[in-house]
Amino acid sequence: MIWKYFWLLLAGVAGGFINVNAGGGSLITLPLLIMFGLPPHVANGTNRIAVLFQNLSSVWKFKKSGYFHWKAALILGLPAMAGAFAGSRIALELPEDLFQTIIAGVMLVSISMILIPKKKRQGADQKEIKPGLPHMVLFLFIGLYVGFIQAGVGFLIIAALSLLGSFSLVRINSLKVMIILLCMIPSLLVFSGEGKIDLAFGIVLALGNTAGGWLGTHFAVQKGDRWIKVVLIAGIILMALKLLNISPL
């Protein structure tokens, strides 16, 4: 059992770092929880403890660095929170075998999002963020996905926030972690209310995610980006095959 905690801690650090810089960290931690014996719904709920603390740490660090858009976060976060509550309820209504298959499918689809080249942002970085009604509606549906599975939502939020204007990736990521933090509140209430959380695994994973999130606010992957993508994609494929009960060997 101790070795499981060790690997969860390492996976949490990697997942937290990846989540803050782009997205997809839960594509590592969520299937790992299932592989370690947690039922899919319990793994889904447990993973959210780590995501909550990771984003709490990241919001604090971004705030210290001068990136703290609380008004925009609330405008977009409130409808996202409503969506997260509904999405969590929907997730718990699905049969666990079906939900595990959906997780595997999401992981494989996310590979394409990881492979899409990221445009380097140039020019002035807008500092004022003014979301409108269309953005609020969009984030209601993003919140629905956050509540349902959460894994890979960072890619969706970065794409959605890019519609608001010409902002640096740092500014977008600072707002992203605030919105995800808000979404974790109603989502965790739903999962904990149904007893779908393993507290021991959740705490260990949270320690790793928090450390990874802390590091992620300081460092942006540049030189090692290509190799990190290779390792991440290989890991996603292997875990997805495992969830689909397909042996890669």
Within a 10 angstrom radius of the beta carbon, how do 171, 48, 89 rank from fewest other beta carbons to most? 89, 171, 48
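Of 61/130; 71/196; 64/130; 64/196, which ones are farther than 29 Å apart at the Cα?
On the way: 61/130 23 Å; 71/196 32 Å; 64/130 22 Å; 64/196 34 Å.
From the list (61/130; 71/196; 64/130; 64/196), the Cα-Cα distance tops 29 Å for 71/196; 64/196.
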Integer Hz, Karplus 6.51/-1.76/1.60 couplings in order for the stretch 129-137, x for Gly and Pro: 10, 10, x, x, 4, x, 5, 5, 5
Give me the distance in nm between label points sitting 7 Å out from Cα along the Cα-to-Cβ direction at residue 109 and residue 63, one decimal. 3.4
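Read-outs: derived from the displayed coordinates by stated rules, not from any lab. Because the structure is a prediction, the values reported are computed rather than measured. Counting neighbours? That spans all protein chains shown, and the Cβs are built from the backbone with ideal geometry, glycine included.
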